[in-house]
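Read through the structure below, which is laid out as structure tokens, and then see the notes.
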Amino acid sequence: MTRYPFVDLRLANKPLETELKAATAAVIESGRYLHGEQTALLEEEIANLCEAKHCLATSNGLDALRLILRAYIEMRVMQPGDKVIVPADTYIASVLAITDNRLEPSFIDIDPVTMNLDSNLLESLITPRVKAIMPVHLYGTPCCDNTMLDVARRYGLKIIEDNAQAIGAKAALNGINGTRTTGGLGDAAGISFYPTKNLGALGDAGAVVTNDDDLAATVRALANYGSDRRYHNIYCGLNCRIDEIQAAMLRVKLRHLPQENKRRQAIAAAYNEAITNPLVATPAIIDNMRQVWHQYVIRCTRRDRLRTFLHDNGIGTDIHYATPPHLQPCYSQYSDLELPQTVLLASTAVSLPIAYPIKPDDARAIAAVINRFS
Ligand SMILES: *Cc1c(COP(=O)(O)O)cnc(C)c1O
């Protein structure tokens, strides 16, 4: 019997059921199902959370990233054939957003401590065709340091954050007093509200966040058939709208996000303290950052045996991600790249349960089982 399922969305949404039902009913009553008040209010609230000027809610996180890159192409900041540096260890959507726009991914290996792109390798990838860096705040750990900001400044690169996994996370940077929230660290950010994300809809949704007025206007037009006003199309655009119902669900859940992120931090701290098995490496809790732990990922060279052992003890696990994008069949042209840290992580990573309703006591009980593994 599974005592600790890896994730159970029914249980995760249960405490909010009354509020979610009331919000759904209000949208049904309103007669406004797209472009309504809920969307406008959600955009304002997400912009505030990310300390950014603009937010445009979208159909999903992949579309948010696609729209940012497409907008830069329309704005002549980039053109097809240009390159975007992207970590080799990410969910494939980061890369799909690049190739969908006929841009080229320039895969960069990861730092085994942060599991995010290794900014010391950035300079070695610079060519005249490189126009942007897409840091991915993987597993909820901010990926932004002064080396990255410095390389971007010196080579005139855009920083496009894939903030699908780190809403509400913060990073401290030299030269900036205090900390900055992910989503507002670079030139633009894509956010996903996929149901399992820390802030998850009850279906698909996403958002673009930016401080750039031109980019915001271009994305808004592109997402609405390329029209800047009714029946006036300046771009061959797309339909990437969010539903009012999803905006309303997200506004309910946004009120609980600080508490949800704190709960995840408490679980990560409990796991890190209680896991003492030398066969298992725990993830780093990094000074000067507020990580939000979308996933809690340990590493073990006997990964498959560990997963079976945990499964037999009623503990659900998952792998993020077993096959990196450059080894997927659709990207076979990149399969010869040397990305040793990425390949190592893909073969050793195990994600432990962290989604609600896991409590620190559950994490300690799971850790006790892990400590018995040999
Ligand atoms: C979830 C995710 C996406 C895609 O978001 P969707 O809303 O599922 O389209 C993109 N990048 C990363 C890193 C993700 O985890």
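Please work out how much accessible surface residue 294 shows to a 1.4 Å probe, ignoring ligands, DNA and RNA, in Å² rounded to 10.
The value for residue 294 is about 10 Å².
Hey, what did the chain get for relative contact order, percent, Cα under 8 Å, at least 6 apart?
After rounding, I find 23 percent.
Give, as a single signed number, the net charge of other residues whose beta carbon lies under 14 Å from the beta carbon of residue 29, with Lys and Arg counted +1 and Asp and Glu -1.
Value of the local net charge: 0.
Can you sort 326, 232 by 1.4 Å-probe accessible area, starting with the largest?
232, 326
Residues of the chain: accessible area per residue at 1.4 Å, in Å²?
It amounts to 44 Å² per residue over the chain.
Please state the relative contact order of region 126-205 as a whole percent: Cα pairs under 8 Å, 6+ residues apart?
26
Using DSSP to call loops (not H, G, I, E or B), can you name the chymotrypsin sites (Phe, Trp or Tyr not before Pro) in region 290-374 whose Cβ has at most 16 other Cβ atoms within 10 angstrom?
In loop regions of region 290-374 (DSSP not H, G, I, E or B), the sparsely surrounded chymotrypsin sites (Phe, Trp or Tyr not before Pro) are 373.
With every protein chain in place, what's the accessible area of residue 35 (1.4 Å probe, Å², nearest 10)?
Its accessible surface works out to 100 Å², give or take rounding.
Using alpha carbon centroids, what distance separates region 131-210 and region 322-352, in Å?
Cα centres, region 131-210 to region 322-352: 22 Å.
With a 1.4 Å probe and all protein chains left in place, how much of the accessible area of region 272-336 comes from carbon and sulfur atoms, in whole percent?
45
Heavy atoms only, 1.4 Å probe, whole protein assembly: order 347, 227, 374 by accessible area, highest first.
374, 347, 227
Measure out, as a whole number of angstrom, how far apart the alpha-carbon centroids of region 238-268 and region 17-31 sit.
Each part's Cα centre sits 16 Å from the other's.
Which links in 21/53; 158/253; 131/253; 21/359; 170/253; 14/158 stretch past 29 Å when you go from one Cα to the other?
From the list (21/53; 158/253; 131/253; 21/359; 170/253; 14/158), the Cα-Cα distance tops 29 Å for 21/53; 158/253; 131/253; 14/158.
Per-residue accessible area for residue 118 at 1.4 Å probe radius, Å² rounded to 10?
30
Quick one: order 304, 336 from most to least accessible surface, probe 1.4 Å.
My answer, sorted largest first, is 336, 304.
What percent antiparallel are the DSSP beta bridges of the chain, to the nearest 5?
So the antiparallel bridges in the chain amount to around 65 percent.
GNM, the chain, Cα, under 10 Å: largest mean-square fluctuation among 21, 83, 197?
Most flexible of the set in this elastic network: 21.
Using helices alone, what [θ] at 222 nm do you get for the chain, with -39,500 (n - 2.57) per DSSP H run of 4 or more residues, divided over all residues and rounded to the nearest 500?
Value at 222 nm, helices only, nearest 500: -11000 deg cm²/dmol.
Which one, 26, 205, 322, has the greatest fluctuation when you compute a Gaussian network model over the chain with C-alpha springs under 10 angstrom?
26
The values are calculated or read from the model by the stated rules, or taken from the named source; none is laboratory data. Because the structure is a prediction, the values reported are computed rather than measured. FYI the Cβ positions are ideal-geometry reconstructions off the backbone, even for glycines, and counts take in every protein chain you see. Accessible surface is based on the protein model in full, side chains and every heavy atom, while ligands, DNA and RNA are left aside. Shrake-Rupley method; radii C 1.70, N 1.55, O 1.52, S 1.80 Å.
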